[in-house]
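Colleague: Handing you this structure, nothing more for now.
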Amino acid sequence: MTSTLIIIQIALAVLLTIAVLMQKSSSIGLGAYSGSNESLFGAKGPVSFLQKATFTLGLLFVINTLTLVYMYNSQKTVSVIDNVKITQPVAPKVPTVPSAPVK
């Protein structure tokens with residue numbers, strides 16, 4: 001299950017990166033808050049599809065990350081050593097050599 005979620009996490013990261021890079025830059029760096037014609041709380045009209053998709057992908061990314069954290073955190077007390085079967089080694093049989101009669 002965790003391997004499936006990790007694959008989904010990688011796919012979401014790639015899609016989220018592409019969605020962010022495809023958006024139009026609405027600011028001019030740090031000068032955006034010092035008097036540009038687009039205000040911080042101004043009306044920009046309806047939210048575009050790309051912005052909705054970016055928000056949805058970001059939300060799915062966060063939910064998937066929290067799910068992975070929960071799954072890994074619940075398994076932190078389980079060790080690989082706990083699953084190893086320990087068997088007692090059997091002593092090898094030493095061939096018995098008949099002893100010579102003592103004179």
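Colleague: Assess whether K52 counts as being modelled with pLDDT of 75 or more, farther than 30 Å from A19 by Cβ, of a type in the set (D, E, K, R) and out of contact with any Asp or Glu (no Cβ under 8 Å at 6 or more places or on another chain).
Modeller: no
Colleague: If I63 satisfies all but one of (1) modelled with pLDDT under 75; (2) not in a loop (DSSP other than H, G, I, E, B), what's the number of the condition it fails?
Modeller: Failing condition for I63: (1).
Colleague: State which residue is surrounded by the fewest Cβ atoms within 10 Å (Cβ to Cβ) when the search covers only region 4-23 and only residues that are of a type in the set (V, I, T) and under 15 Å from the mean Cα position of the chain (by Cα). Break it down stepwise before answering.
Modeller: To start, the set of residues in region 4-23 that are of a type in the set (V, I, T) comprises 4, 6-8, 10, 14, 17-18, 20.
When the remaining residues are screened for being under 15 Å from the mean Cα position of the chain (by Cα), the result is 4, 6-8, 10, 14.
On the way: T4: 8, I6: 12, I7: 10, I8: 15, I10: 10, V14: 11.
Within region 4-23, the match that is surrounded by the fewest Cβ atoms within 10 Å (Cβ to Cβ) is T4.
Colleague: Of a type in the set (A, V, I, L, M, F, W, C) and at pLDDT below 90: is that true of I10 in this structure?
Modeller: Taking the combined requirement at face value, the residue does not satisfy it.
The values are calculated or read from the model by the stated rules, or taken from the named source; none is laboratory data. Note that this is a predicted model, so its numbers are computed, not measured. Cβ sites come from the backbone with ideal geometry, for glycine too, and all protein chains shown count toward neighbours.
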